[in-house]
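**Q** Below: one structure in structure tokens.
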Amino acid sequence: MSTYQDVERDIRQMANYWLLRKFQFLDWTNDVFFSYIDPHNELDKLDDDKQVIMSMCFTEWLLFECPLRDGLTPLSLYLNERPARVSQQALDRLLQVRDTQFFSRFAILKKDAATGVSTLKDVRTGRCYDVYDQHLCEVKHWKNGTIAERIGCIDGAWQMVGQVRMYDRAAPNATSADGPGEFHPEDHETRPELEAASYFIRLARDLLSPDGRYQDTLKVRTA
């Protein structure tokens, strides 16, 4: 089994661990997430596919970013609690995920379908990464724009570690300064609290909130 598949399984196992315990935190974490994304409770305006993406975004935020207890994310708490049936190897891989993972938008510089590795340039920092993401490589029309996703470095190799991919066909230099997920000039007046939110939260808000800046141009495919 490849490292990518190992990590994918490790994250799924971690997610299932918290799924069994969701009654402890689901209500208030939903309130926090949707206070950023949909403070006016207008989710009924979203179609079914966008509702699926919203659920995926919530799960990714919860596992990797939400300060669930004592300021720690579910991923960090999982590593601290060391569930009995989780191997040391899995914990070591997840420790690397925790310490390196981040979400950003990347210009797609090169793709190699044979290896599943793409060369991606973070439009926010200018740093380049060789990232294993077979799906990104296989979608032929994802080429000239940007892909937003969460990546992490495990055993010296970068790979996708989240479940959300958002492709923007606009040229990277057209949306780098004030593009999706940034703190926009209008936010100073209407949503100042977004300045303290994560980039992932702001991007989800831009794309999925009924009043998000890019909501009207979003096309969703869940498969």
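The values are calculated or read from the model by the stated rules, or taken from the named source; none is laboratory data. Treat the numbers as computed from the prediction; the structure is a model and nothing was measured. Here Cβ is always computed from backbone atoms with ideal geometry, including for glycine, and neighbour counts include all displayed protein chains. Keep in mind that these areas ignore ligands, DNA and RNA; they rest on the heavy atoms of the full protein, side chains included. Shrake-Rupley method; radii C 1.70, N 1.55, O 1.52, S 1.80 Å.
**Q** When Ser35 is evaluated against the numbered criteria (1) farther than 26 Å from Asp211 by Cα; (2) within 20 Å of the chain's Cα centre (by Cα); (3) of a type outside the set (Lys, Arg); (4) surrounded by fewer than 19 Cβ atoms within 10 Å (Cβ to Cβ), which criterion, by number, is the only one it fails?
**A** (1)
**Q** Considering only the stretch 4-24, state which residues are part of a helix (DSSP H, G or I), hydrophobic (A, V, I, L, M, F, W, C) and open to solvent by 50 Å² or more (accessible area, probe 1.4 Å).
**A** Leu19, Phe23
**Q** Give me the residue from the stretch 156-187 that is open to solvent by 10 Å² or more (accessible area, probe 1.4 Å) and of a type in the set (Asp, Glu) and, out of that set, nearest to Thr3 (Cα to Cα).
**A** Among them, the one singled out is Asp168.
**Q** Shifting gears a bit: May I ask you to verify whether Thr59 is of a type in the set (Ser, Thr, Tyr), open to solvent by 20 Å² or more (accessible area, probe 1.4 Å) and in contact with a strand residue (DSSP E or B) (Cβ under 8 Å, 6 or more places away or on another chain)?
**A** no
**Q** With the condition kept exactly as written, say whether any residue in the stretch 86-97 is buried (at least 19 other Cβ atoms within 10 Å of the Cβ) and among the polar types (S, T, N, Q).
**A** For the stretch 86-97, residues buried (at least 19 other Cβ atoms within 10 Å of the Cβ) and among the polar types (S, T, N, Q): absent.
**Q** Could I ask something else about it? Out of Phe58, Phe34, I need the residue that is at pLDDT 90 or above and farther than 21 Å from Tyr17 by Cα. Which one?
**A** Sole residue among the options that is at pLDDT 90 or above and farther than 21 Å from Tyr17 by Cα: Phe34.
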